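Engineer: Encoded as structure tokens, here's the structure I'll be asking about.
The values are calculated or read from the model by the stated rules, or taken from the named source; none is laboratory data. The shown structure was predicted, so the numbers you read here are calculated from the model rather than taken from an experiment. Because the Cβ atoms are built from the backbone with ideal geometry, glycine has one as well, and the counts that use them run over all protein chains shown. Remember, those area values only see protein heavy atoms, side chains included, never the ligands or the DNA or RNA. Shrake-Rupley method; radii C 1.70, N 1.55, O 1.52, S 1.80 Å.
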Amino acid sequence: MGDVATRIYLSSAEGGTGKSTVAVGLVATLGRSVERVGVFRPIARSTTEPDYILEMLLEHASADLQYEECLGTTYGQVHDDPDAALARIVERFARIEERCDAVVILGSDYTDVGTPTELGVNGRIAANLAASVLLVVGGRRADSDEARSPEDIAEVAAIAAGELHSEHADVLAIVVNRADPERLDEVVSAVRRSTRNHDLPTWAIPEDPELVAPLLRTVLHAAEAELLRGDSELLDRPVLDVVVAGMTLENVLPRLLEGAVIVVPGDRSDVLVGAVVAHLSETFPSLSGVVLNGGFPVAPSIETLLAGLDSSLPIARTPLGTYDTAMRITNAHSRLAADSPQKYARALALFDGHVDSEALVSALSLAPTAVMTPVRFEYSLLERARAQQRHIVLPEGGDDRILRAAGLVVARGIARLTILGDERSIRARAAELGVDLGDTAIISTNDSELHEQFALEYTRLRAHKGIALEQARDTMTDVSYFGTMMVHLGLADGMVSGAAHTTAHTIRPAFEFVKTAPGVSVVSSVFLMALADRVLVYGDCAVIPEPTTEQLADIAISAAHTARTFGIDPRVAMLSYSTGESGSGAEVDRVRAATALVREREPQLPVAGPIQYDAAADPTVGASKMPGSDVAGRATVFVFPDLNTGNNTYKAVQRSAGALAIGPVLQGLNKPINDLSRGALVRDIVNTIAITAIQAQHGSEPA
């Protein structure tokens with residue numbers, strides 16, 4: 001890239017277009033092509049009150065920018081002195097631009113402090129920042145939220161594009177957001193016909209009710225309601241509707257809606273209890289929550305009754321009256337990706353599914369970078385998994401993190417999933433969490449057909465160990481054994497477990513009957529270490545405490561194979577406390593012998609050892625300590641002499657250098673089984689599922 005960043009100005013002609021959905025996709029798209037993506041907000045409500053959209057986008061941008069740097073001016077300053085405000089915007093933008101390869105400039109939001117000429121103001125800013133405009137047009141009417149016809153959308157787009165043109169702003173492309181899902185092609189055609197440039201890139205993103213629905217926690221905040229009882233984890237469920245229960249219970253029940261919040265007068269205990277019972281019943285919709293209005297206390301006898309119902313449904317109380325409560329809830333707005341990772345993933349999936357990213361990048365004339373940032377690497381994992389979907393089994397269906405991760409995987413199309421557990425319980429919990437599992441299969445380990453089939457197979461495989469059928473049947477009730485057997489028999493392509501189980505519990509079944517790949521004698525692990533500008537492979541950091549010479553060679557060869565699997569050109573450094581021939585001792589000799597064994601088995605693989613970490617990683621030190629080596633100073637695969645060294649080093653780099661550590665990734669098995677840390681975050685689980693799917697792509701045909 002040159003000194004001038006690519007600038008793209010995201011603007012709309014009115015409020016309610018869901019511009020932030022497009023912003024999420026745009027930041028992600030740019031991050032796949034260039035190293036440093038920044039975000040700038042020319043006009044904000046205030047420089048002191050947080051702008052949650054800017055905060056959210058900065059979390060996913062890759063340029064090193066602080067929130068305060070990315071604000072231009074305020075609505076008040078624009079009203080008081082437009083010219084001075086514009087000069088301030090240009091000045092502040094110039095300060096961050098030089099630290100970015102591309103900048104997403106987020107236009108104003110048409111808030112109550114806006115003006116009728118707001119689009120013109122945005123056009124003028126875009127022109128002064130020399131930024132191309134990505135125009136976002138709403139597919140729904142701002143006053144009624146009804147779907148617009150393709151002709152109406154085209155008219156709005158033409159008027160908006162004309163106004164931007166009159167301010168000398170260049171419209172790069174148009175995105176119609178929240179469009180009628182049944183008429184996307186008609187919308188695109190109508191908009192293209194309406195603009196002066198009929199070849200203007202135009203895309204349409206459909207309306208998604210869950211994406212625009214506010215979360216329950218947002219609704220409760222708007223209604224000034226305090227949570228009385230229920231699972232606080234369920235406050236992240238979207239509220240899809242509002243039901244005001246001002247009538248008797250028999251009239252309330254037919255009006256209950258899926259995902260609705262029920263507004264109940266605080267002194268109507270019968271309706272409260274009836275709503276909770278209906279939520280628990282399989283014959284009524286699953287609710288998001290109950291809001292008791294009027295500030296009345298819940299009677300102790302009703303509290304006791306609710307406690308006995310064992311319901312996790314959130315119940316909150318507000319001092320407001322029925323009308324005010326209903327209005328506050330109705331007017332609560334979704335905060336998109338700032339609300340939850342699920343919404344962020346949903347927004348990204350919508351953008352990726354309906355906007356041609358390659359065409360957009362081409363229109364911007366972006367020159368891709370060879371630098372691999374953590375953001376780009378994570379995205380590359382997900383994209384590679386999506387390209388050839390594989391079937392992954394998740395044995396721990398009782399863990400909320402697994403369900404949330406599964407929802408993200410389904411939303412992004414990363415893999416096909418099977419979750420082990422009781423289907424009724426898992427789907428109910430997923431609904432409570434606001435997680436859409438789509439067509440994910442949910443299987444119990446007691447499934448009559450599979451359980452018996454697996455027990456018979458396990459008996460056959462372990463007959464030499466004296467395993468009888470009854471013992472095998474008992475073993476196959478264990479989720480790790482059941483999930484591993486699915487992989488063994490080709491009913492799934494890989495397994496991810498360990499969020500709620502030990503490493504030994506997760507991988508023991510694989511050792512018993514999945515076994516190691518041909519030519520590999522030992523199962524080991526690596527971490528994919530995403531540094532600021534590159535990705536390295538560290539092994540073994542999780543499985544083998546003190547590898548022998550042969551095992552060390554196996555680890556190196558497997559790690560090189562893993563590196564290739566994930567697009568990393570392997571240059572292997574066999575680490576020791578000594579470089580080359582300078583040191584001696586049992587440990588150095590073991591590494592030296594392992595290096596020779598690697599060269600013998602893989603003569604084309606670049607490998608150096610024994611070598612110290614600094615000589616392997618730093619070109620200057622490498623040239624000094626091991627001149628002429630094609631690995632020294634350029635290593636991408638670091639093989640540690642023992643688990644103690646490897647585990648401590650990866651954690652030190654992770655914490656001190658701010659690296660993203662992805663793993664452990666198990667290697668050497670016939671089929672991919674991967675272990676999670678019991679402290680794994682949802683993001684870690686999603687990444688591990690993607691990794692397992694990619695490993696499966698390099699193995700057998702999809703299950």
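Engineer: Only one of these is of a type in the set (Val, Ile, Thr), outside any loop (DSSP other than H, G, I, E, B) and open to solvent by 10 Å² or more (accessible area, probe 1.4 Å): Thr692, Thr649. Name it.
Structural biologist: Details: Thr692 fails: open to solvent by 10 Å² or more (accessible area, probe 1.4 Å).
Criteria check complete, one pass: Thr649.
Engineer: Hey, another quick one. Can you report the number of residues in segment 458-480 which are free of Cβ contacts under 8 Å to residues at least 40 places away in the same chain and either buried (at least 16 other Cβ atoms within 10 Å of the Cβ) or of a type in the set (Phe, Trp, Tyr) (or both)? So that I can check it myself, show each step before the final result.
Structural biologist: First, pick out the residues of segment 458-480 that are free of Cβ contacts under 8 Å to residues at least 40 places away in the same chain: 459-460, 463-478.
Restricting the remaining residues to those that are either buried (at least 16 other Cβ atoms within 10 Å of the Cβ) or of a type in the set (Phe, Trp, Tyr) (or both) gives 459, 467, 472-473, 475-476, 478.
Total satisfying the criteria: 7.
Engineer: Scan segment 35-50 residue by residue and report those that are surrounded by fewer than 21 Cβ atoms within 10 Å (Cβ to Cβ) and either within 18 Å of His333 (Cα to Cα) or at pLDDT 85 or above (or both). Talk me through it step by step, then tell me what you get.
Structural biologist: Start the filter on segment 35-50 by keeping residues that are surrounded by fewer than 21 Cβ atoms within 10 Å (Cβ to Cβ), which leaves 45-50.
Within segment 35-50, Arg45, Glu49, Pro50 qualify.
Engineer: Which ones in segment 124-147 are more than 18 Å from Leu86 (Cα to Cα), among the aliphatic types (A, V, I, L, M) and either surrounded by 24 or more Cβ atoms within 10 Å (Cβ to Cβ) or free of Cβ contacts under 8 Å to residues at least 12 places away in the same chain (or both)? Steps first, please.
Structural biologist: Residues of segment 124-147 that are more than 18 Å from Leu86 (Cα to Cα), as a first pass: 134-147.
Now drop any that are not among the aliphatic types (A, V, I, L, M), which leaves 134-137, 142, 147.
Once the filter is applied, which keeps residues that are more than 18 Å from Leu86 (Cα to Cα), among the aliphatic types (A, V, I, L, M) and either surrounded by 24 or more Cβ atoms within 10 Å (Cβ to Cβ) or free of Cβ contacts under 8 Å to residues at least 12 places away in the same chain (or both), segment 124-147 yields Leu134, Leu135, Val136, Val137.
Engineer: Within segment 300-320, how many residues turn out to be of a type outside the set (S, T, N, Q), out of contact with any Gly (no Cβ under 6 Å at 6 or more places or on another chain) and either within 16 Å of Asp231 (Cα to Cα) or surrounded by 13 or more Cβ atoms within 10 Å (Cβ to Cβ) (or both)? Steps first, answer last, please.
Structural biologist: Quick first cut of segment 300-320, residues of a type outside the set (S, T, N, Q) only: 300, 302-303, 305-310, 313-317, 319-320.
Still in the running and out of contact with any Gly (no Cβ under 6 Å at 6 or more places or on another chain): 300, 302-303, 305-310, 316-317, 320.
Filter again for either within 16 Å of Asp231 (Cα to Cα) or surrounded by 13 or more Cβ atoms within 10 Å (Cβ to Cβ) (or both), leaving 302-303, 305-310, 316-317, 320.
So the answer is 11.
Engineer: Can you name the number of the only condition in (1) surrounded by 23 or more Cβ atoms within 10 Å (Cβ to Cβ); (2) touching a Gly at 6+ places or on another chain (Cβ under 9 Å) that Val686 fails?
Structural biologist: Looking at each condition in turn, Val686 falls short on (2).
Engineer: Right, something else. Among Arg45, Arg99, Arg41, which is the only one that is in contact with a Cys (Cβ under 8 Å, 6 or more places away or on another chain) and of a type outside the set (A, V, I, L, M, F, W, C)? Steps first, please.
Structural biologist: Values: Arg45 fails: in contact with a Cys (Cβ under 8 Å, 6 or more places away or on another chain); Arg99 fails: in contact with a Cys (Cβ under 8 Å, 6 or more places away or on another chain).
Within the list Arg45, Arg99, Arg41, the selection yields Arg41.
Engineer: Against the condition part of a loop (DSSP other than H, G, I, E, B), within 23 Å of Thr562 (Cβ to Cβ) and open to solvent by less than 10 Å² (accessible area, probe 1.4 Å), how does Ala510 come out, does it pass? First the steps, then the outcome.
Structural biologist: Numbers: part of a loop (DSSP other than H, G, I, E, B): no; within 23 Å of Thr562 (Cβ to Cβ): yes; open to solvent by less than 10 Å² (accessible area, probe 1.4 Å): yes.
It is false that Ala510 is part of a loop (DSSP other than H, G, I, E, B), within 23 Å of Thr562 (Cβ to Cβ) and open to solvent by less than 10 Å² (accessible area, probe 1.4 Å).
Engineer: Now for a different question. Can you find, within segment 653-676, the residue that is modelled with the highest pLDDT among those that are among the small types (Gly, Ala, Ser) and within 18 Å of the chain's Cα centre (by Cα)?
Structural biologist: Quick first cut of segment 653-676, residues among the small types (Gly, Ala, Ser) only: 656-659, 661, 663, 668.
Cutting the leftovers down to within 18 Å of the chain's Cα centre (by Cα) gives us 659, 661, 663.
Details: Ala659: 85, Ala661: 89, Gly663: 84.
Ranking the candidates gives Ala661 first.
Engineer: Which numbered condition trips up Leu58, out of (1) open to solvent by 20 Å² or more (accessible area, probe 1.4 Å); (2) closer than 14 Å to Cys100 by Cα; (3) among the hydrophobic types (A, V, I, L, M, F, W, C); (4) touching a residue at least 60 places away in the same chain (Cβ under 8 Å)?
Structural biologist: Every condition holds for Leu58 apart from (4).
Engineer: Tally the residues that are closer than 24 Å to Ala680 by Cα, in a helix (DSSP H, G or I) and polar (S, T, N, Q), restricting the search to segment 444-499.
Structural biologist: Residues flagged as closer than 24 Å to Ala680 by Cα, in a helix (DSSP H, G or I) and polar (S, T, N, Q) within segment 444-499 amount to 2.
Engineer: Could I ask something else about it? Restricting attention to segment 270-286, does a residue exist that is in contact with a strand residue (DSSP E or B) (Cβ under 9 Å, 6 or more places away or on another chain), of a type in the set (Asp, Glu) and either on the phi < 0 side of the Ramachandran plot or outside any helix (DSSP H, G or I) (or both)?
Structural biologist: no
Engineer: Then there is this: Would a scan of segment 100-123 turn up a residue that is open to solvent by 10 Å² or more (accessible area, probe 1.4 Å), farther than 24 Å from Cys70 by Cβ and outside any loop (DSSP other than H, G, I, E, B)?
Structural biologist: Looking for residues that are open to solvent by 10 Å² or more (accessible area, probe 1.4 Å), farther than 24 Å from Cys70 by Cβ and outside any loop (DSSP other than H, G, I, E, B), one finds none in segment 100-123, hence no.
Engineer: Would a scan of segment 660-683 turn up a residue that is under 24 Å from Ser62 (Cβ atoms), touching a Leu at 6+ places or on another chain (Cβ under 6 Å) and open to solvent by less than 10 Å² (accessible area, probe 1.4 Å)?
Structural biologist: Yes, segment 660-683 has at least one match.
Engineer: Is it the case, given these coordinates, that Ser525 is polar (S, T, N, Q), under 24 Å from Asn644 (Cβ atoms), buried (at least 17 other Cβ atoms within 10 Å of the Cβ) and within 30 Å of the chain's Cα centre (by Cα)?
Structural biologist: Numbers: polar (S, T, N, Q): yes; under 24 Å from Asn644 (Cβ atoms): yes; buried (at least 17 other Cβ atoms within 10 Å of the Cβ): yes; within 30 Å of the chain's Cα centre (by Cα): yes.
In short, yes.
Engineer: Just for segment 367-381: of the residues that are of a type in the set (A, V, I, L, M, F, W, C) and open to solvent by less than 20 Å² (accessible area, probe 1.4 Å), which one is modelled with the highest pLDDT? Can you show your working first?
Structural biologist: Within segment 367-381, the subset of a type in the set (A, V, I, L, M, F, W, C) is 367, 370-372, 375, 377, 381.
Checking the rest, the ones that are also open to solvent by less than 20 Å² (accessible area, probe 1.4 Å) come to 377, 381.
Working: Phe377: 83, Leu381: 89.
Taking the candidates together, the pick is Leu381.
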